[in-house]
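**Student:** Before anything else, here's the structure in question.
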Amino acid sequence: MLTGKQKRFLRSQGMTMKPLINVGKNGMSESFSDGVLKAIETRELIKISLLQAAETTPKEVGAYLADAIDGLEVAQTIGRTLLVYRKATDPDNRDISTKIAKL
C-alpha cells in the first residue's frame, strides 16, 4: 500500500510521461495484462490511456489490472488516463522503488 507522499512522488514522475499502452475497442484481455506486466517489470511506473472507442471505464481497467497482476497499484486516474506502479522483481530495474522506499 502506498502512502500519500509516495503517490505524490509517483504522480510527479508520471506528469512528463507519455502513455505507453492504449486500451481501445477490444478492451481488456489476457494479452493486455501480459503486455502491462512486461512493461511494468522494466519500468515500474507506466501510463495507460483509454481511447474514446474503449467500452470500459478507467476504474474498471484499474480494478482488472490490480486483480490480474499481484502488487500493482493505481497511483492516479485523471480522465481516461491511468498511472500504475509495481515494484520490479529484478533488482536491476528498481529505480523508482528505491526512491519511494526513502520517502
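Read-outs throughout are calculated quantities, based only on the coordinates presented, and are distinct from any laboratory measurement. These figures come from a predicted structure and were not determined experimentally. Ideal geometry is used to build each Cβ from the backbone, glycine not excepted, and the neighbour counts take in all protein chains shown.
**Student:** For residue 34 and residue 80, compute 0.36 nm times the residue count separating them, minus their Cα-Cα distance, and round to one decimal in nm.
**Tutor:** 14.5 nm
**Student:** While we're here: What FRET efficiency comes out for residue 59 versus residue 16 if R0 is 25 angstrom and r is the Cβ-Cβ distance? Round to the nearest 0.05.
**Tutor:** 0.55
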